[in-house]
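The structure appears right after this line, and notes come after that.
The values are calculated or read from the model by the stated rules, or taken from the named source; none is laboratory data. Since this is a predicted model, take the numbers as computed values, not measurements. Cβ sites come from the backbone with ideal geometry, for glycine too, and all protein chains shown count toward neighbours. Remember, those area values only see protein heavy atoms, side chains included, never the ligands or the DNA or RNA. Shrake-Rupley method; radii C 1.70, N 1.55, O 1.52, S 1.80 Å.
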Amino acid sequence: MSLGYAEKLSYIEDVGNVGMSEFFDSSHVLQEKIERLAEMIQKSKHLVVFTGAGISTSCGIPDFRGPKGIWTLQREGKPLPEASLPFHRAMPSMTHMALVELEKAGILKFISSQNVDGLHLRSGIPREKLAELHGNSFMEACPSCGVEYLRDFEVETIGLKETSRRCSDVKCGAKLKDTVLDWEDALPTKEMLPAEKHCRMADVVLCLGTSLQITPACNLPLKCLRGGGKIIIVNLQKTPKDKKASLVIHGFVDKVIAGVMNLLNLRIAPYVRIDLLQVIITQSLSLDERYVNWNLRVASVHALKAPLPFIKSIEVSFADAQKYKAAVLHDQPFNLKRRTAPAEAFEILLKLNFIDGCGCPSIQINVPVNFKVSSDCFNLDKDLTIRNLKEKAIEDLCCGQNALIERKVILEPKTEVANHAIVTNIKAFNSDSWSNGDVKHPRGVNGTRISRKRSFGRKRKSRF
């Protein structure tokens, strides 16, 4: 896990209370509270969820104020927690995916989040139903036309600064900016207005994994009280807003939400991560016109100079191994230059070796090359192709599936660009393992298969 966000923040002396003690309700009390929460959610007309760092700790992302939080350790002069995986490979938790199911069921109306990890968007929450109050470490935005770009790499700056990329709209082209706030930055109106609106409309505001200390965001849940709404807080530490809450639950967020989903008879679908890359082949005739000089490049779809964070190395070979020499590309940008006769058609075999944190070690993509054939552009239905990939991954309960989603040609210099989508992770959830007995972390799929005991559709009836 990258701790870059915390390290990039401007230094301030007072970050509030840290090293806060954790409290755990007894199993009997916890079960009673989970049942009360499930009933309140079932009866709600306008449920709003307000989230903090505590919903992402089970994803390998440390919190800030807990006993082993980033700011706690900094204040104590201790080393920061070790990374269990790269920040950009963190996957949504059971809670993230449960919120997706509540939104699909029409129960959850809006989420306001203080987190910058981007996991709500990755989980599948619609952007229009999410306010990222403090920004998103993986999001760039155009200050001119307002277009947002969700990246597969952590944006290099914070504080609403210009990045190294530009808006891809040919009518705009403005320099992009990061979206993560520094201490002195005001909360963006674009995020605050809908957050305030939905909190005022809410009959239930469910606060998950937040100490409710950072202003002004922490005051948003209180806005439901004037209209008769209720606040529920699920957090391991006590918060300044506990006295305003109708229900306070001290327990692991994933365990609480798993119990709620079981009581509501809603199943949690697996999380499937799909990453994109482009294979670019540029060609030109040699001066004597006897050969075609060609260059292979495997690059990010976000920008030619953007990193491909999930690729460790690429092994390049050819279907005709006797005629063409293989190569291994270790360093980004991944480039290979060769020359062949103009009339030759051949096939390049790309073995993509993934970094730790991906669910399978490698996959192979076959790239046919024929310099004589007509190069027509075509666009597949990207959304449909990605949806089919996800369905196939869930059916197989393993990753590695891939598909071509776009092919385009640039005439000068003559270039063919093929965009590929690859399933790099799948993580399944069994809420029973959380709601019954001791807390057990759900098992993610890393090249292995998971029991097919439960289907991933919704049950028909709830217990309320």
Only one of (1) buried (at least 22 other Cβ atoms within 10 Å of the Cβ); (2) in a loop (DSSP other than H, G, I, E, B); (3) among the aromatic types (Phe, Trp, Tyr) does not apply to residue 153, and that is (1)
Within the range 413-427, identify whether any single residue is buried (at least 19 other Cβ atoms within 10 Å of the Cβ) and assigned to a loop (DSSP other than H, G, I, E, B), and answer yes or no. no
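For (1) modelled with pLDDT under 95; (2) not assigned by the TED database to the domain that holds residue 39, each residue gets a yes or a no:
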| site | (1), (2) |
| --- | --- |
| 148 | no, yes |
| 157 | yes, yes |
| 228 | no, no |
| 242 | no, no |
| 247 | no, no |
Which of the residues belonging to the range 160-180 are at pLDDT 95 or above, over 30 Å from residue 354 (Cα atoms) and open to solvent by less than 30 Å² (accessible area, probe 1.4 Å)? 174
From the option list 2, 84, single residue qualifying as at pLDDT below 90, touching a helix residue (DSSP H, G or I) at 6+ places or on another chain (Cβ under 7 Å), surrounded by fewer than 19 Cβ atoms within 10 Å (Cβ to Cβ) and not basic (Lys, Arg) is 2
From the option list 220, 225, 212, 206, single residue qualifying as over 12 Å from residue 110 (Cβ atoms) and touching a residue at least 24 places away in the same chain (Cβ under 8 Å) is 212
Looking at the range 159-166, can you tell me whether even one residue there is in a loop (DSSP other than H, G, I, E, B) and touching a Phe, Trp or Tyr at 6+ places or on another chain (Cβ under 8 Å)? no
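Just checking, which of 109, 129, 104 is open to solvent by 20 Å² or more (accessible area, probe 1.4 Å), over 22 Å from residue 275 (Cα atoms) and touching a Phe, Trp or Tyr at 6+ places or on another chain (Cβ under 8 Å)? Break it down into steps so the answer makes sense when it comes.
Working: 109 fails: touching a Phe, Trp or Tyr at 6+ places or on another chain (Cβ under 8 Å); 104 fails: touching a Phe, Trp or Tyr at 6+ places or on another chain (Cβ under 8 Å).
Of the residues listed, the single one that is open to solvent by 20 Å² or more (accessible area, probe 1.4 Å), over 22 Å from residue 275 (Cα atoms) and touching a Phe, Trp or Tyr at 6+ places or on another chain (Cβ under 8 Å) is 129.
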Please indicate, with yes or no, whether at least one residue in the range 293-304 is of a type in the set (A, V, I, L, M, F, W, C), farther than 18 Å from residue 402 by Cα, out of contact with any Ser or Thr (no Cβ under 7 Å at 6 or more places or on another chain) and modelled with pLDDT of 95 or more. yes
What's the number of the condition residue 145 fails, among (1) part of a loop (DSSP other than H, G, I, E, B); (2) closer than 30 Å to residue 430 by Cβ; (3) open to solvent by 40 Å² or more (accessible area, probe 1.4 Å)? (2)
Considering only residues that are of a type in the set (Ser, Thr, Tyr) and more than 27 Å from the chain's Cα centre (by Cα), look in the range 17-69 and name the one that is nearest to residue 209 (Cα to Cα). 21
Mind checking which pairs have a first residue in the range 169-186 that is among the aromatic types (Phe, Trp, Tyr) and a second that is open to solvent by 40 Å² or more (accessible area, probe 1.4 Å), Cβ under 7 Å, 6 or more apart or different chains? 183/10; 183/12
